[in-house]
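S.K.: Structure incoming, see below.
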Amino acid sequence: MDIKNFVAVDFETMTAELTSACAVGLVKVINGHVQQQFYSLINPIPDSRDALNTAVHGITLDMVADAPTFKQLFPLLKSFINDMPIVCHNKGVDINIMRRCMEHYALTGIDPNNNYCTFEMTGLSLSSCCKQYGITMGEHHNALNDAMACAKMFLACQGNIVATTFRGGIAAAMASAAAKKFERSTLNPLDDDQVLNKDTVFFHANVVITGTFAAFPDRNELGKRLQSLGADINTAISGKTTVVVMGIGAGPSKIKKIEDWRSKGHDIRIIYEEELKQILK
């Protein structure tokens with residue numbers, strides 16, 4: 001077996017019910033190179049179970065209250081996976097989560113049966129596999145960390161070494177410092193008489209942009225557009241933040257910081273790319 005093109009997938013669930021997916025991590029590997037990664041919280045399908053898995057992964061109901069549903073995320077998941085094989089560490093869990101959520105919403109376009117399972121290949125837990133193959137693993141039960149570890153493990157099981165070079169498309173933007181850096185002028189809010197449209201959510205909003213966006217690969221240009229609508233662009237989430245524009249690759253630490261400020265009574269709105277495109281069209 002020599003499979004170097006695939007997408008590693010990991011889900012976390014809010015309860016023991018497989019339809020309660022509350023986070024997903026995806027890692028795309030092309031020719032043995034990690035080229036793209038995606039993480040998102042998911043607003044889970046409600047179920048009647050009271051016992052939560054928060055102690056396992058740290059995700060609370062409040063953290064997912066404003067997250068997209070599986071149905072809302074599905075077009076992105078379908079585009080990300082396309083027709084590539086899905087790799088996971090326990091297909092009895094992750095593949096069935098994918099299948100059950102797709103069935104719940106009557107969704108098609110991803111073939112869950114096109115999969116490989118590193119647990120079946122090794123018979124070991126993910127953390128034990130990583131130790132055996134000398135793979136550095138991030139925080140366990142973080143969906144993106146586990147998907148990355150699974151991707152590396154799948155390549156290692158085939159005698160390959162993963163190279164995290166991030167080349168091409170959105171991945172290039174993620175690797176490019178220029179694509180992430182703001183010009184000094186972008187960080188200075190405009191006077192009200194310079195604002196083009198005062199009727200959007202960005203007028204007088206303290207805005208943080210995190211992650212990358214397929215439609216807006218240059219972060220400074222995106223910042224300029226939001227600045228023209230009256231946004232005060234900042235680089236760090238704080239008690240002054242009112243809007244977070246969240247794209248691909250926004251890390252769990254950023255999401256946790258949002259939740260921390262929300263728990264202190266701060267109202268922070270999250271805007272994902274689809275809503276952002278509607279606002280800016």
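Read the figures in this text as sums done on the coordinates, not as results from a lab. Treat the numbers as computed from the prediction; the structure is a model and nothing was measured. Reconstructed Cβ throughout: ideal geometry from the backbone, glycine too, with neighbour counts over all protein chains shown.
S.K.: Based only on Cα atoms, what mean projected area does the convex hull of segment 12-97 have, in nm²?
M.R.: With the hull built on Cα positions only, its mean projection is 6.1 nm².
S.K.: Okay, next question. I need the semi-axes of the equivalent ellipsoid of segment 3-150: take the C-alpha gyration tensor, multiply each eigenvalue by 5, square-root it, list largest first in whole angstrom.
M.R.: So the equivalent ellipsoid measures 23, 18, 14 Å along its semi-axes.
S.K.: Which distance in Å, rounded to a whole number, links the C-alpha centroids of segment 1-33 and segment 83-108?
M.R.: For segment 1-33 versus segment 83-108, the Cα centre distance is 9 Å.
S.K.: Which value in Å is the Kirkwood Rh of segment 1-45 over different Cα pairs?
M.R.: 11.6
S.K.: Related question: Can you show me the helix-derived [θ] at 222 nm for the chain, built from DSSP H runs with n ≥ 4 at -39,500 (n - 2.57) apiece and divided by the number of residues, rounded to the nearest 500.
M.R.: My calculation for the chain gives -9500 deg cm²/dmol from helical runs alone.
S.K.: Give me SER185, SER127 sorted ascending by neighbouring Cβ count inside 10 Å, so fewest comes first.
M.R.: Lowest to highest Cβ neighbour count: SER185, SER127.
S.K.: Right, another one. How high is the FRET efficiency between MET121 and GLU183 when r is their beta carbon distance and R₀ equals 51 Å, given to the nearest 0.05?
M.R.: 0.60
S.K.: Sort LYS198, LYS152, LYS71 so the one with the fewest other Cβ atoms within 10 Å of its own Cβ comes first.
M.R.: Exposure proxy ranking, most exposed first: LYS198, LYS71, LYS152.
S.K.: Can you tell me what share of the DSSP beta bridges in segment 6-157 is antiparallel? A percent to the nearest 5 is fine.
M.R.: Counting DSSP beta bridges with both partners in segment 6-157, the antiparallel share is about 75 percent.
S.K.: In terms of the Cα gyration tensor, with a ≥ b ≥ c the square roots of its eigenvalues, is the chain rounded because a/c is under 1.5, prolate because a/b exceeds b/c, or oblate?
M.R.: Prolate.
S.K.: Normalised by the residues of the chain, what does the relative contact order come to in percent, with Cα pairs under 8 Å and at least six apart?
M.R.: 17
S.K.: Scale the Cα Rg of segment 176-280 by the rule-of-thumb value 2.2 N^0.38 Å and send over the ratio, two decimals.
M.R.: Cα Rg divided by the expected 2.2 N^0.38 Å: 1.01.
S.K.: Please give, to one decimal in nm, the separation of the simple spin-label points placed at ASP83 and ASP218, each 7 Å out from Cα toward the Cβ.
M.R.: 3.5
S.K.: Give me the extension gain from THR69 to ALA55: residue separation times 0.36 nm, minus the current Cα-Cα distance, reported in nm with one decimal.
M.R.: Contour length minus the Cα-Cα distance gives 2.9 nm.
S.K.: Once you've got the GNM for the chain with C-alpha springs shorter than 10 Å, pick whichever of GLN132, GLN72, GLN35 has the biggest mean-square fluctuation.
M.R.: Highest fluctuation of the listed residues: GLN132.
S.K.: Springs between alpha-carbon pairs under 10 angstrom, Gaussian network model over the chain: which of VAL208, VAL243, VAL56 fluctuates most?
M.R.: In this elastic network of the chain, the residue with the biggest mean-square fluctuation among VAL208, VAL243, VAL56 is VAL56.
S.K.: Once you've got the GNM for the chain with C-alpha springs shorter than 10 Å, pick whichever of ALA23, ALA205, ALA51 has the biggest mean-square fluctuation.
M.R.: Checking each option, the largest mean-square fluctuation is seen for ALA51.
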